[in-house]
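The values are calculated or read from the model by the stated rules, or taken from the named source; none is laboratory data. Since the model is a prediction, treat every value here as computed from it, not as a measurement. Here Cβ is always computed from backbone atoms with ideal geometry, including for glycine, and neighbour counts include all displayed protein chains.
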Amino acid sequence: MAYKVLIATRSFGSTSQKPWDVLAKAGCEVSKADMTQKMTEERLIDLLKGMDAVIVGVVPMTARVFENAPDLKVVGAHGVGVDHIDLDAAARLGITVTNCPGANDPSVADLTIGLMIAVARSIPRVEQELRQGGWGRYRGAELWKKTLGLIGLGRIGRGVAKRALGFDMEVIVHDPYVDRDQTRLANVKFDSFENVIKQADFLSLHAPLNDETRNMIGPDQLAAMKPSAYLINTARGGLVDEQALFKALTEKQIAGAAFDVFLEEPPGNNPLLELDNMIATPHIGAHTQESIERMGVMAAQNVVAALQGSQPPNRVR
């Protein structure tokens, strides 16, 4: 029996043939959605007709989509986050959901450090002015021996911490769920949410988006940060109250911010993009050759295992 698999993500197998080979070896009949068109519920429902499985990026898998895809057995998230997938609806309908934990950790950790340096030294702004004939001088800030505050010490948070220790930074962490004995990171100190925010020269978010963490950085938290501090977010856009951040950046309550994620993506005419002390990238944290290959292989292996009746390596629900 040939399983029918829909690929609904731009980057699957874009840097390597290996993910496609995993599906081909299992005899899967693969269809790739045109991701240049907006993926509405109606379009996705139409594409899922007759499909046994789908590998998705950030395509919203809503209850309505699940209810109108009677042949669907498996959803393979091409990444770690599954907040765009209605897990309760999937469970109710007996649909297996998998993800790719660890696949993009090094890439996102690298980008986090890169954004810290870029915003502290105004690199995008000065580079643009140089190309326009300028030769200005901007007084930046060092990472060396500064205090890095991490909200969340999962795999990516630990990767950022390890890199930060190379800058001789003091790393302070708030994560009420992590097993401190298993982090195995020397020179990392745990503290309260409030104290991490107050002490950090660079505050980096590495928490999942849920009802507990939504808008966890709002007016009060921004007001508590140092005026010289920078806010970095490579996790999820909904962790930060963007209106409050705009006010804080405009009024120089904090020195700057660097985001790879936004509440609405693409962010469109988001006023944050007009600010000189705001650096933004288009959700590229996982977009390295190595990460895309790892995610593709893992997603394909998860889907094949589930379709063949085995326990997938990374089952979420």
Exercise for the section: Would you tally the residues in the stretch 300-310 being touching a helix residue (DSSP H, G or I) at 6+ places or on another chain (Cβ under 7 Å) and either of a type in the set (A, V, I, L, M, F, W, C) or not assigned by TED's automatic domain parsing to the domain that holds ALA90 (or both)? Expected result: 2
Exercise for the section: Look at GLY157 and say whether it is touching a helix residue (DSSP H, G or I) at 6+ places or on another chain (Cβ under 9 Å) and more than 21 Å from GLY79 (Cβ to Cβ). Expected result: no
Practice task
Examine the stretch 98-121 for a residue that is in contact with a Ser or Thr (Cβ under 9 Å, 6 or more places away or on another chain), modelled with pLDDT of 95 or more and of a type in the set (Ser, Thr, Tyr), and state whether such a residue exists.
Solution key: yes
Handout entry: strands (runs of 3 or more DSSP E) wholly inside the stretch 1-81 that include at least 2 residues being in contact (Cβ under 8 Å) with a residue 40 or more places away in the chain
Key = 4-8, 53-56, 74-77
Practice task
Answer yes or no as to whether ALA305 is assigned to a helix (DSSP H, G or I) and more than 30 Å from LEU72 (Cβ to Cβ).
Solution key: no
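Can you pull out every residue in the stretch 104-145 that is among the acidic types (Asp, Glu) and closer than 18 Å to ALA286 by Cβ? I'd like the intermediate steps shown before the answer.
Going through the stretch 104-145, the residues among the acidic types (Asp, Glu) turn out to be 105, 110, 127, 129, 142.
Across the stretch 104-145, the qualifying residues are ASP105, ASP110.
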Practice task
Hey, can you tell me all the residues within the stretch 159-180 that are of a type in the set (Lys, Arg) and modelled with pLDDT under 95?
Solution key: ARG180
Exercise for the section: Quick one: in the stretch 181-190, of everything that is closer than 17 Å to ILE156 by Cβ and outside any strand (DSSP E or B), which residue is modelled with the highest pLDDT? Expected result: LEU185
Exercise for the section: For ALA235, indicate whether it is buried (at least 21 other Cβ atoms within 10 Å of the Cβ), part of a helix (DSSP H, G or I) and not assigned by TED's automatic domain parsing to the domain that holds ALA8. Expected result: no
Handout entry: Residue in the stretch 122-167 that is surrounded by the fewest Cβ atoms within 10 Å (Cβ to Cβ), counting only those that are small (Gly, Ala, Ser) and assigned to a helix (DSSP H, G or I)
Key = GLY159
Exercise for the section: Residue by residue through the stretch 283-317, note down the ones that are surrounded by fewer than 22 Cβ atoms within 10 Å (Cβ to Cβ), touching a residue at least 12 places away in the same chain (Cβ under 8 Å) and among the polar types (S, T, N, Q). Expected result: THR288, GLN289, GLN301, GLN308, ASN314
Exercise for the section: Could you tell me which numbered condition LEU111 fails, if it satisfies all but one of (1) surrounded by 18 or more Cβ atoms within 10 Å (Cβ to Cβ); (2) in contact with a helix residue (DSSP H, G or I) (Cβ under 8 Å, 6 or more places away or on another chain); (3) not aromatic (Phe, Trp, Tyr)? Expected result: (2)
Completion exercise
Only one of ALA286, ALA300, ALA305 is at pLDDT below 95 and within 19 Å of GLY102 (Cβ to Cβ), namely ALA286
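Restricted to the stretch 260-282, and to residues that are within 13 Å of the chain's Cα centre (by Cα) and without any contact (Cβ under 8 Å) to a residue 40 or more places away in the chain, which residue is surrounded by the fewest Cβ atoms within 10 Å (Cβ to Cβ)?
This residue is PRO282.
Every residue, every condition in (1) touching a Leu at 6+ places or on another chain (Cβ under 9 Å); (2) free of Cβ contacts under 8 Å to residues at least 24 places away in the same chain, yes or no:
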| site | (1), (2) |
| --- | --- |
| ALA109 | no, no |
| ILE113 | yes, no |
| ALA120 | yes, no |
| GLU127 | no, yes |
| TRP135 | no, yes |
| ARG139 | no, yes |
| LYS145 | no, no |
| LEU150 | yes, no |
Problem - Set GLY50, GLY76: member being crowded, with 18+ Cβ neighbours inside 10 Å and closer than 23 Å to GLN308 by Cβ - result: GLY76
Exercise for the section: Out of LYS32, LYS49, LYS25, report the one residue that is more than 25 Å from ALA103 (Cα to Cα) and of a type in the set (Lys, Arg). Expected result: LYS49
Handout entry: Whichever residue in the stretch 182-198 is out of contact with any helix residue (DSSP H, G or I) (no Cβ under 9 Å at 6 or more places or on another chain) and over 11 Å from VAL171 (Cβ atoms) and, among such residues, is surrounded by the fewest Cβ atoms within 10 Å (Cβ to Cβ)
Key = GLN182
